[in-house]
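*Asks:* Below are the structure tokens for one structure; questions will follow.
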Amino acid sequence: MRTILFLTTLALPLMAQDGGQLYGLYCSACHGADGKGATGGQFPPLAGSEWVLGNPDRSIKIVLHGLHQPIEVAGKTYNLEMPPQGAALPDEQIAAILTHVRASWGNKAGAVSVNQVKKVRAATTNRKEYWTAAELLKLHPLENVKPPLANLISYYYKGAFKSMPDFSQLKAAAVEEEPRGLIDYSSYAKTDSFAMMWEGDLLTPAGKHEFLLDSDDGSRLFVDGAIVAEIKTIGPTGRTVKKVVNLKEGLHKIRVEYFEFSGNEGLSVGVKFPKQRNIKWLSKEKGQTSAKSWPEIMLTPADNRPVIYRNFIQGSTARGIGVGFPGQKNMVYSADHFSMELLWGGNFIDAGHHWTDRGVGYEPPASDKVFSLSKQTAYSFTSESATAWPASSKATPRFRGYQLSPQGNPTFMVEVAGARVFDGYESVTDPSPSLLRILRLQGKPAQGISLLIHSGAHEAARPDGFTAGGLSVRLTGGTFRYGSNVVMLDLITPEAQVRYTW
Ligand code: HEC
């Protein structure tokens, strides 16, 4: 009996250790025989894990002393506990197991020597606590994952802010180094009412960068000290602000400010590098414009008939009516402003967001290039006797719905000053693909009726037409009247036609 015991203890270090077998004994119950994480990925994987590659000290420490608190492995976050194995496993076995793990299931990293394990064990003999991922990252940053933001520091402030506080007047309740280089408020989001700020460096090539910012509640993004995007008010995500910034090659200071008043929270910050289609997220949370979490349901006109979409469309009002015409001409008519507000070519609208259970917020037109024709701010054009549509208090216009022609083309109806205006639209190809708008006046208005055609900058202004940033607008029947940032049409003939070409 004695001899046998003596033999086994002596023999162990001398025997070649079978890493695969030991893995099956000591690790596979949790990490899975295939390394993908046991119980359907409930446990973190070792296959394809950035933690087991590179410097082996990380994994040695985890096996020796255990691991707890949140850890992100291969893009997924876990918050579990791995018990320490240091007492049960001698150095030789740990070396053999980790050598096996680093060279299995597609992992390609060098062997771990017994000496390496010995060194780590000696250096950490006094350690009683489990490791945390955050702690290990500071000691051994992941080699294969470049942090999106270098030198990132986070500042946390307590307080029920309803707008962005002046951070220079506040004292941070916590300041942390963020070695993962990701903007992430989640460890502070256990209670409402806080604000945060992050500062780090972004390495960029030269050229135009598109930044994206979205948040619940407010946020601000600064690049090299200049404000680039801002969400001022309390409210949900889905208010993405995009801004293109021309940057020189090199490191740029990024600063993000954020406040959460109450309820849900959210913060996404991304950047599209020059000529890149994908967004690189600088935040742990990805914004809605990234991988869409809803199925795409692209609405297209069928049987050569326009398709109508009545829902919240970004850039228009709550009662915006979207129309996708054959020939890839699309528009939104606002029943709140009684005017066409948006025009674009290409695809119409992806209804997937609204039509699935995630249907909240405003859906943008399915195009990058959208002409915004009239904004409410322009309605102060009332300096003369003509009734500027629709601001006059004397002749409050009323929306009377719309009709569809046998071909499915819409005509919107507005009642104003005792008369009716029929505002019809159709897609035409002759002489060139355009959207044709036909305005007809019915009845005798009590006063002159004018309507807003365009607000904002315009070029080449003539009585019968103008251009505005790639959009050509031509009129037959009547004349355009120009203000400094506005184009009006006086409805003096029973019919006027406006042709939009782009
Ligand atoms: C009782 C279950 C269990 C056992 C047994 C176990 N682990 Fe873990 N392991 C975990 C859990 C849970 C985590 C994540 C802990 C957290 O959430 O902080 C983890 C994390 C890890 C990580 C870092 C994250 C990753 O997925 O790469 C490594 C490396 C690791 N374990 C290696 C091993 C090795 C090697 C063994 C065998 C010697 C082993 N573990 C045994 C449960 C276990």
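*Asks:* List the residues whose amide H sits under 5 Å from the amide H of HIS252, counting only those 5 or more places along or on another chain, with H placed 1.01 Å from N in the peptide plane.
*Replies:* Close amide H contacts, sequence-distant or interchain: LEU202, LEU203, THR204.
*Asks:* Taking H placed 1.01 Å from N in the peptide plane, check which residues at least 5 places from TRP131 or on another chain put their amide H under 5 Å from its amide H.
*Replies:* GLY66, LEU67, HIS68
*Asks:* So which of LYS76/LYS275; LYS76/LYS280; LYS158/LYS253; LYS76/LYS253; LYS242/LYS272 end up more than 21 Å apart, counting from Cα to Cα?
*Replies:* LYS76/LYS275; LYS158/LYS253; LYS76/LYS253
*Asks:* Please report the spacing between the Cα centers of segment 114-165 and segment 219-235 in Å, no decimals.
*Replies:* 28
*Asks:* Whole angstrom only: what separates the Cα centroid of segment 319-334 from the Cα centroid of segment 33-88?
*Replies:* 52
*Asks:* Right, next: Excluding residues on the same chain fewer than 8 positions from LYS108, give the lysines whose Cα lies under 16 Å from its Cα.
*Replies:* The qualifying lysines are LYS36.
*Asks:* Continuing with this model, one more query. Which whole-Hz ³J(HN,Hα) couplings does segment 460-465 yield from phi under the Karplus relation 6.51 cos²θ - 1.76 cosθ + 1.60, θ = phi - 60°, glycine and proline marked x?
*Replies:* 6, 6, 10, x, 10, x
*Asks:* May I ask for the net charge around SER472, where only other residues with Cβ less than 12 Å from the Cβ of SER472 are counted and Lys, Arg are +1 while Asp, Glu are -1?
*Replies:* +1
*Asks:* Counting other beta carbons within 10 Å of each residue's own, what order do VAL486, VAL101 fall into, fewest first?
*Replies:* VAL486, VAL101
*Asks:* Right, next: Can you give the net charge of the other residues whose Cβ lies under 12 Å from the Cβ of PRO56, counting K and R as +1 and D and E as -1?
*Replies:* So the environment of PRO56 carries a net charge of +2.
*Asks:* Could you sort 203-209, 112-118 so that the peptide with the highest average Cβ count within 10 Å comes first and the rest follow in order? Present the calculation step by step, with values, prior to reporting the outcome.
*Replies:* Numbers: 203-209: 14.6, 112-118: 18.3.
Descending mean neighbour count gives 112-118, 203-209.
*Asks:* Would you mind ranking ILE153, ILE438, ILE449, ILE62 by Cβ crowding within 10 Å, fewest neighbours first?
*Replies:* Taking fewest neighbouring Cβ atoms as first place, the list is ILE153, ILE438, ILE62, ILE449.
*Asks:* Another question, then. With θ taken as phi - 60° and the coefficients 6.51, -1.76 and 1.60, list the Karplus ³J(HN,Hα) couplings across segment 156-161 in order, rounded to whole Hz; mark glycine and proline as x.
*Replies:* Result, rounded to whole Hz: 10, 10, 8, x, 8, 8.
*Asks:* Now a separate question. Among residues other than VAL414 whose Cβ falls under 9 Å from its Cβ, what is the net charge (Lys/Arg +1, Asp/Glu -1)?
*Replies:* +1
*Asks:* Just to check, using Stokes-Einstein with a Kirkwood Rh over alpha carbon pairs, what's the diffusion coefficient of segment 150-281 at 10 °C and 1.306 mPa s in µm²/s?
*Replies:* 106
*Asks:* 7 Å from Cα along Cα→Cβ at both CYS30 and ASN79: what's the point-to-point distance in nm?
*Replies:* Taking the two extended label points, one gets 1.8 nm.
*Asks:* In nm, give the distance between the simple-model label positions of THR467 and GLU177, each being 7 Å from the Cα along the Cα-to-Cβ direction.
*Replies:* 5.7
*Asks:* Pairs of alpha-carbon atoms within less than 8 angstrom and 6+ residues apart define the contacts here; what relative contact order does segment 14-110 have, in percent? Numbers along the way, then the final one.
*Replies:* On the way: 130 pairs, mean separation 29.4, N = 97.
After rounding, I find 30 percent.
*Asks:* Within the chain, what's the longest stretch lacking GluC sites (Glu not before Pro) that sit in DSSP loops with no more than 14 other Cβ atoms inside 10 Å? If you can, show how the numbers build up before the last one.
*Replies:* Details: sites that count: GLU129, GLU143, GLU249, GLU296, GLU384.
The longest such stretch corresponds to 1-128.
*Asks:* Okay, moving on. Using Cβ counts within 10 Å as a stand-in for footprinting exposure, how do VAL244, VAL52, VAL473 rank, fewest first? Each step should come with its number before you reach the end.
*Replies:* Values: VAL244 11, VAL52 23, VAL473 26.
Final ranking by Cβ density, sparse to dense: VAL244, VAL52, VAL473.
*Asks:* If you plug each phi of segment 300-309 into the Karplus form 6.51 cos²θ - 1.76 cosθ + 1.60 with θ = phi - 60°, what whole-Hz ³J(HN,Hα) values come out, in order, with x for Gly and Pro?
*Replies:* Working through the residues one at a time gives 9, x, 10, 6, 6, 10, x, 10, 10, 10 Hz.
*Asks:* Now for a different question. In the chain, if the dipole is taken from +1 on Lys/Arg beta carbons and -1 on Asp/Glu beta carbons about the Cα centre, which of ALA195, LEU373, SER316 is farthest to the positive end?
*Replies:* The listed residue farthest towards the positive side: LEU373.
*Asks:* Is it possible to state the helix-based mean residue ellipticity at 222 nm for the chain, with each DSSP H run of 4+ residues giving -39500 (n - 2.57), the sum divided by total residues, to the nearest 500 deg cm²/dmol? What is it?
*Replies:* -4000 deg cm²/dmol
*Asks:* Around ARG239, which amide H atoms from residues at least 5 apart in sequence, or from another chain, sit under 5 Å from its own amide H, with H modelled in the peptide plane?
*Replies:* Close amide H contacts, sequence-distant or interchain: SER215.
Rule-based calculations on the coordinates, nothing more; no lab input. Remember, predicted model here, so these are calculated numbers, not experimental data. Cβ: placed from backbone, ideal geometry, glycine included. Neighbour counts: every protein chain shown.
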